[in-house]
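What follows is a set of notes on a single structure, which appears directly below.
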Amino acid sequence: MQVVIDKPTAVGYQVRGFSGGRQIPDGIVGHAPRFEETLERIHRVSTTSATVLITGETGTGKELVARAIHRRSRRSLHAMVCVNLAALPKELVASELFGHEAGAFTGAFQKRIGRFEAANAGTLFLDEVGELPLGVQVTLLRALQEGEFERIGSNQTKTADVRVVAATNHSLEEAVEDGLFRSDLFYRLAVFPIHLPPLRERREDIPGLAGHFLAELANRLGRQFSGIEPESMTRLIEYSWPGNIRELQNVIEHSAILSNGGILQVPPELLSTRVTGPTMVSSLSDAMDAGERRLIEQALEETNGRVYGPTGAAVRLGIPSSTLESKIKRHRINKHQYRTSAA
Ligand SMILES: Nc1ncnc2c1ncn2[C@@H]1O[C@H](COP(=O)(O)OP(=O)(O)OP(=O)(O)O)[C@@H](O)[C@H]1O
Ligand SMILES: [Mg+2]
């Protein structure tokens, strides 16, 4: 198998042999059956102003899809304003979203327009929406339903015409069950859900994606690549991709930097993040790491991949769920694989 990469065109890149020479609109590569339906839904909702909830594991393209929806809509003449709710301290979320008057709280020296207002006539992208504090959820619900809100410290009602696209890689249904997310807001956000399947469920797209990233890199690094070595491609197709498309992109970049051009080889050690079977441990800290990983995997197995709540893995392990989340990330464990349909 070899990827033949054509010269970049005005609209995107063409990767012959894998994407059938098709143009790549919005930089979204994919034609696996599992992904076709998703593309169709993106296409359908783009021309409307409906609220969209994009779900999918880390690195599956949620932000890319959110941008595509905005770009294809009539709102694209106006701004797409992005707020990552996981990156904001809880106590600042309300004023970030809805603004505040001068002196509304300690540190609020000047009045400030919120992101909701800034997105008027455009799109507001609420990334990691599951992190929205309960207290702000009711305010957002009203803003979504009535288009009305007040800046903090003001009793003057403002209006804005905003299309909300929200994304999450946690299960909002689970957060609702655990009392961390209002069900009325969930239903309001999930008017039109779009699920992005993990890469391991659309392996047909791996060659096309790898070729796409390589073409981009060739341009950026100023190196000529004629394709990807067949054994490397097999390895890419067989790997489990816990970090999904972002991880694939990183692996291609890492390999391209190591290579001088020509046929790209992907060093096998770049694809060995998942420890399986008995491991050789060389130090106490390695042994502790491996032990920690095993305990976390076991807890996830017993809780069907559930981290939060009274029956979640965090409680079972006796640690805060935020700590468990960061350990899961560090060990690059894919918690979703422990999900069973019965759960
Ligand atoms: N279908 C695709 N075609 C081409 N590139 C893609 C595709 N999906 C994702 N990417 C690329 O993969 C990277 C990760 O995508 P993105 O940031 O949209 O993922 P995400 O789901 O928002 O991740 P996270 O949950 O970690 O925030 C980006 O560089 C994006 O451009
Ligand atoms: Mg993202």
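The values are calculated or read from the model by the stated rules, or taken from the named source; none is laboratory data. Just so you know, these numbers come straight off a predicted model, no measurement behind them. All Cβ positions, glycine included, derive from the backbone under ideal geometry; neighbour counts span all protein chains shown. Quick note on the areas: whole protein, heavy atoms, side chains included, nothing else; ligands and nucleic acids left out. Shrake-Rupley method; radii C 1.70, N 1.55, O 1.52, S 1.80 Å.
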- prompt: What single numbered condition from (1) open to solvent by 40 Å² or more (accessible area, probe 1.4 Å); (2) in a loop (DSSP other than H, G, I, E, B) fails to hold for Pro197?
  reply: (1)
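Residue-wise test of (1) touching a residue at least 24 places away in the same chain (Cβ under 8 Å); (2) away from ligand 2 (no atom under 16 Å from the Cβ); (3) in contact with a strand residue (DSSP E or B) (Cβ under 8 Å, 6 or more places away or on another chain).
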{"position": "Leu124", "(1), (2), (3)": "yes, no, yes"}
{"position": "Glu131", "(1), (2), (3)": "yes, no, no"}
{"position": "Gln137", "(1), (2), (3)": "yes, yes, no"}
{"position": "Arg151", "(1), (2), (3)": "yes, yes, yes"}
{"position": "Val162", "(1), (2), (3)": "yes, yes, yes"}
{"position": "Ala167", "(1), (2), (3)": "yes, no, yes"}
{"position": "Ala175", "(1), (2), (3)": "yes, yes, no"}
query: When residues of the stretch 58-78 are filtered for being near ligand 1 (Cβ under 10 Å from one of its atoms) and in a helix (DSSP H, G or I), how many remain?
result: 7
- request: Of all residues in the stretch 46-86, count the ones that are open to solvent by 40 Å² or more (accessible area, probe 1.4 Å), under 26 Å from His336 (Cβ atoms) and away from ligand 2 (no atom under 12 Å from the Cβ).
  value: 0
statement: Per the filter on the stretch 153-165, residues open to solvent by less than 60 Å² (accessible area, probe 1.4 Å), more than 30 Å from the chain's Cα centre (by Cα) and not small (Gly, Ala, Ser) are Lys158
Counted residues, the stretch 166-180 - those being part of a loop (DSSP other than H, G, I, E, B) and over 19 Å from the mean Cα position of the chain (by Cα): 3
query: Out of all the residues in the stretch 177-186, is one or more at negative phi and either touching a strand residue (DSSP E or B) at 6+ places or on another chain (Cβ under 7 Å) or within 16 Å of ligand 1 (Cβ to nearest atom) (or both)?
result: no
query: Based on what the data block shows, is Glu37 open to solvent by 60 Å² or more (accessible area, probe 1.4 Å) and either of a type in the set (Asp, Glu) or farther than 16 Å from Val129 by Cα (or both)?
result: yes
statement: Checked the stretch 311-326 for anything open to solvent by 50 Å² or more (accessible area, probe 1.4 Å) and touching a residue at least 12 places away in the same chain (Cβ under 8 Å); matches are Arg316, Leu317
query: Among the residues of the stretch 114-128, is any closer than 30 Å to Met233 by Cα, open to solvent by 60 Å² or more (accessible area, probe 1.4 Å) and touching a helix residue (DSSP H, G or I) at 6+ places or on another chain (Cβ under 6 Å)?
result: no
message: Pairs needed: first member in the stretch 259-273, within 19 Å of Ala218 (Cβ to Cβ); second member anywhere, outside any helix (DSSP H, G or I) and of a type in the set (A, V, I, L, M, F, W, C); C-beta distance under 6 Å; at least 6 residues apart or different chains.
response: Gly261/Phe225; Leu264/Phe225; Leu264/Ile228
query: Considering Phe109, Phe105, which residue is free of Cβ contacts under 8 Å to residues at least 24 places away in the same chain, of a type in the set (A, V, I, L, M, F, W, C) and either in contact with a strand residue (DSSP E or B) (Cβ under 8 Å, 6 or more places away or on another chain) or outside any helix (DSSP H, G or I) (or both)?
result: Phe109
